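Asker: Handing you this structure, nothing more for now.
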Amino acid sequence: MKQIKKFLGPGAAVKATAVMLAGIAVTTASAATSTATLPVSATVTNNCTINTTPLVFGSYDPVAANASANLDGTGGVAVACTKGATATIGLGLGGNASGASRRMGDGASNFLTYELYQDTGRSTVWGNLGANLVSPAAAPSKAPRNFTVFGRVAADQDVPAGNYGDTVVATVNF
């Protein structure tokens, strides 16, 4: 401030203050604004996941209980898809199939024939093609939807004792 007083002479403090205020006023008066828009976007793609719960038939008795009665069981398929996505769900024939017949094997060339169905009456086979695919309505939300797999081991099969099993691939197409 002393240098400003020397430069401005008598009454320098008032002049210096006026000069400083004028500088602020000029700066404030010359300020302006400008705006622009910032586009923001994202893409949501259809996606689905699939999980299964095992189908365990339990004990098959070819001599008494299942000599004339089928052995039924249930498993499950859970599918979660993007809201609004349409999908189909298929079940393969399994690792021991013979033609179009699903079979569980005991690892020693013995097989127990079974089938997988879409309905409780076990009348519509669940497969990988056409009408054998399950085709639910479009996903109402991303929450998983559960579908029951109805299985049946046919009665009156002449097989030796053992542990029988198979692996079926479940597929969701979207």
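Just so you know, all these numbers are worked out from the coordinates, no wet-lab data involved. Since the model is a prediction, treat every value here as computed from it, not as a measurement. All Cβ positions, even for glycine, are placed from backbone atoms using ideal geometry, and neighbour counts span all protein chains on display.
Asker: Between residue 138 and residue 98, what FRET efficiency comes out of the Förster formula 1/(1 + (r/R0)^6) with R0 = 35 Å and r the beta carbon distance, rounded to 0.05?
Answerer: On the way: r = 37 Å, r/R0 = 1.05.
Computed FRET efficiency for residue 98 and residue 138: 0.45.
Asker: Could I ask something else about it? Quick one: net charge around residue 137, please, counting Lys, Arg +1 and Asp, Glu -1 for every other residue with C-beta under 14 Å from its C-beta. Let's see the in-between values first.
Answerer: On the way: positive: 83, 145; negative: none.
Summing Lys and Arg as +1 and Asp and Glu as -1 gives +2.
Asker: Same structure again: What size of dipole, in debye to the nearest 20, comes out for the range 48-173 about its Cα centre when the only charges are +1 on Lys and Arg C-beta atoms and -1 on Asp and Glu C-beta atoms?
Answerer: Details: 7 positive and 8 negative charges, 133 e Å.
Roughly 640 debye, rounded to the nearest 20.
Asker: Hey, if you put +1 on the Cβ of every Lys and Arg and -1 on every Asp and Glu Cβ in the range 101-158, which of 150, 137, 123 ends up farthest toward the positive end of that dipole?
Answerer: Result: 137.
Asker: Could you please rank 123, 101, placing first whichever residue has the fewest other Cβ atoms within 10 Å of its Cβ? Walk me through the numbers before you get to the answer.
Answerer: Numbers: 123 9, 101 14.
Result, fewest neighbours first: 123, 101.
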